[in-house]
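S.K.: If you scroll down you'll find the structure; I have some questions about it.
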Amino acid sequence: MLSVPVFWRMNKEKYKMIGKKCLDCGLVIFPNRKNCPSCDSQKLEEFGLSGKGKIYSDTIIRVAPDGFEAPYITALIKLEEGPMIVGEITGVDIEDVEKNPQGLVDKEVSITFRKIMLNENGLRVYGLKFLLE
Amino acid sequence: MDKTGIVGWGSYVPRFRIKIEEIARIWGRDALPILEGLGVDEKAIAGSDEDTITMSVEAGRTAILRAGINPVKISALFIGSESHPYAVNPSSTVVSEALGFSSAFGNTFKEKTIFMGDLEFACKAGSAGMQICHAFVKSNEIEYGMAIGADTAQGKPGDALEYTAGSGAAAFILGKDPVAELEGTYSFGTDTSDFWRNEGKKYPNHGARFTGEPAYFKHVTNATKGLMEKLSLGIDDFDKVVFHTPNAKFPLRAAKILGFDASKLKEGLVVPKIGNTYSGASLIGLASVLDSAKPGERILVTSYGSGSGSDSFSFMITNKILQAQKLGKKTIDYINNKKYVDYGTYVKLRGKLLRE
Ligand SMILES: [Zn+2]
């Protein structure tokens, strides 16, 4: 479980989808890293992502870790700018997703601001989830 | 003097709905007189991952999009709500951070001044935030300020309020070169306790029938009359009218008392489909009117907050609104995107909130 200060330091990524862009090779990096995973350059500048992407794969989580409420849908999302990230899908009915053997694959998504979890101290952790377009 | 007023607006309504009939069924009540008495068919309920903070962020994002400004230019944020998620720990700091007011993009730790506050004055705290932001803008203290009214209202199970207490938010950016010029504002308040909630209590108490004449009608009509007198305007000068909506009947009766034609309330009267969104109510009504307002139209808005007070505003729509109306989700889009839930699911959604 991440501590309160760790969450606070990650506010920029959690709230706004601000990553980095490599000034040497142009790769968009999210979440943040110190070096470019493609060319190892350290010349990176802040870059705001659009928050739009496409679902690559998804799964229904039925046994949730502490602070989360099951069932919910977690997906691998290919962002418009390139990076692949893990995100929660909200605003869909689990029953509808279960019925479709394809799940939510290839569906277009965009970010929405939601409550992510309740930590052990009763602090609400907010951040970005994804909604179907 | 430059014109000042609303430069961007946005609303948010969660997608869950419960029908009034379903609530009446659970309590063994005949639905028809309730439906007729309130004029409300269904109400919006926040999902388990939504609250005043998340709805404020969503409404605020649309307002920024329509204003077409960089959010770091916004230097004030006032959120009016009866359901700030924390008793101690502000909503405004989270919303400001999420909307990108605090640090300039590209300058991670560059601090700037942001005037912030979580406001409470029953259902009129959001409109009070608009008055504060407008005063900051007019005095050139800030370039832009955002006011939000948001609530995830709850009534005690089985209480009359349970039929209407809904969820939603609306956000407005105040600044120069507006889409809706704020021509003037007037407030009226007296010590009239018609509705209250004690510290640590989950649900409010109310004076039942007392909430009508000495409270809602007295304050809404006096504030509206005061505004018209202040600005030398009459009822015929207004094209659209928005009054606070504890239900669909009260605003129509207030209109009748003042002499406004009921048709002028139509665009702003969203309460039959989303319920009473408390601090969000008159502001979502205004957002709904702005979604389709035409340049040259004059709009009257009068909020009401128990305890009691009303803030009245006159807005003149400018040509700038046409461009902004093409952007972002409209209030009607949110109203139409809905999933009905039964009372059991409603309790589960609310129960999750209770556990916190
Ligand atoms: Zn690189």
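S.K.: Condition check: away from the ligand (no atom under 16 Å from the Cβ), in contact with a Gly (Cβ under 8 Å, 6 or more places away or on another chain) and either away from every other protein chain (no Cβ under 13 Å) or at pLDDT 95 or above (or both). Does A:GLU108 satisfy that?
M.R.: Yes: the conditions hold for A:GLU108.
S.K.: Also: Name the pairs whose Cβ atoms lie under 7 Å apart, with the first residue in the stretch A:23-48 and in contact (Cβ under 8 Å) with a residue 24 or more places away in the chain, the second near the ligand (Cβ under 10 Å from one of its atoms) and part of a loop (DSSP other than H, G, I, E, B), and 6 or more positions between them or separate chains?
M.R.: Hits for this filter: A:LEU27/A:CYS36; A:LEU27/A:SER38; A:ILE29/A:CYS36; A:ILE29/A:PRO37; A:LEU44/A:LEU23; A:LEU44/A:CYS36; A:GLU45/A:LEU23.
S.K.: Give just the number: which of (1) crowded, with 18+ Cβ neighbours inside 10 Å; (2) within 14 Å of another protein chain (Cβ to nearest Cβ) does A:CYS22 not satisfy?
M.R.: Exception for A:CYS22: condition (2).
S.K.: Identify, by number, the condition in (1) within 21 Å of B:TYR203 (Cβ to Cβ); (2) more than 12 Å from every other protein chain (Cβ to nearest Cβ) that B:SER75 doesn't meet.
M.R.: Of the numbered conditions (1) within 21 Å of B:TYR203 (Cβ to Cβ); (2) more than 12 Å from every other protein chain (Cβ to nearest Cβ), the odd one out for B:SER75 is (1).
S.K.: Would you confirm whether or not the stretch B:48-67 contains a residue that is more than 10 Å from every other protein chain (Cβ to nearest Cβ), modelled with pLDDT of 95 or more, in contact with a helix residue (DSSP H, G or I) (Cβ under 9 Å, 6 or more places away or on another chain) and part of a loop (DSSP other than H, G, I, E, B)?
M.R.: So far as the stretch B:48-67 goes, no, none of its residues is more than 10 Å from every other protein chain (Cβ to nearest Cβ), modelled with pLDDT of 95 or more, in contact with a helix residue (DSSP H, G or I) (Cβ under 9 Å, 6 or more places away or on another chain) and part of a loop (DSSP other than H, G, I, E, B).
S.K.: Please go through the stretch A:29-74 and pick out each residue that is within 10 Å of the ligand (Cβ to nearest atom) and either within 14 Å of another protein chain (Cβ to nearest Cβ) or aliphatic (A, V, I, L, M) (or both).
M.R.: A:ILE29, A:LEU44
Here's the yes/no breakdown for (1) more than 14 Å from chain A (Cβ to nearest Cβ); (2) buried (at least 19 other Cβ atoms within 10 Å of the Cβ):
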| position | (1), (2) |
| --- | --- |
| B:PHE101 | no, yes |
| B:LYS112 | yes, no |
| B:GLU120 | yes, no |
| B:TYR144 | yes, yes |
| B:ASP151 | yes, yes |
| B:TYR186 | yes, yes |
| B:SER193 | yes, no |
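S.K.: Okay, moving on. Condition check: within 14 Å of the ligand (Cβ to nearest atom), of a type outside the set (Lys, Arg), at pLDDT below 95 and surrounded by 15 or more Cβ atoms within 10 Å (Cβ to Cβ). Does A:PHE7 satisfy that?
M.R.: For A:PHE7, the condition - within 14 Å of the ligand (Cβ to nearest atom), of a type outside the set (Lys, Arg), at pLDDT below 95 and surrounded by 15 or more Cβ atoms within 10 Å (Cβ to Cβ) - is not met.
S.K.: Here is a follow-up. Going through the stretch A:81-96 one residue at a time, which ones are away from every other protein chain (no Cβ under 14 Å) and more than 24 Å from B:THR54 (Cα to Cα)?
M.R.: If the condition is that a residue be away from every other protein chain (no Cβ under 14 Å) and more than 24 Å from B:THR54 (Cα to Cα), then A:GLU81, A:GLY82, A:PRO83, A:MET84 are the ones that fit.
S.K.: Hey, another quick one. Regarding B:THR52, is this residue touching a His at 6+ places or on another chain (Cβ under 7 Å) and under 20 Å from A:ILE111 (Cβ atoms)?
M.R.: Yes; evaluated as a whole, the condition is true for this residue.
S.K.: Before we move on, is B:SER310 of a type in the set (S, T, N, Q), surrounded by 20 or more Cβ atoms within 10 Å (Cβ to Cβ) and within 18 Å of B:PRO246 (Cβ to Cβ)?
M.R.: Yes, satisfied.
S.K.: Yes or no: B:GLU50 among the acidic types (Asp, Glu) and crowded, with 20+ Cβ neighbours inside 10 Å?
M.R.: Yes; evaluated as a whole, the condition is true for this residue.
The values are calculated or read from the model by the stated rules, or taken from the named source; none is laboratory data. Please read all numbers here as calculations on a predicted model, not as lab measurements. Backbone-built Cβ (ideal geometry, glycine too); neighbour counts: all protein chains shown.
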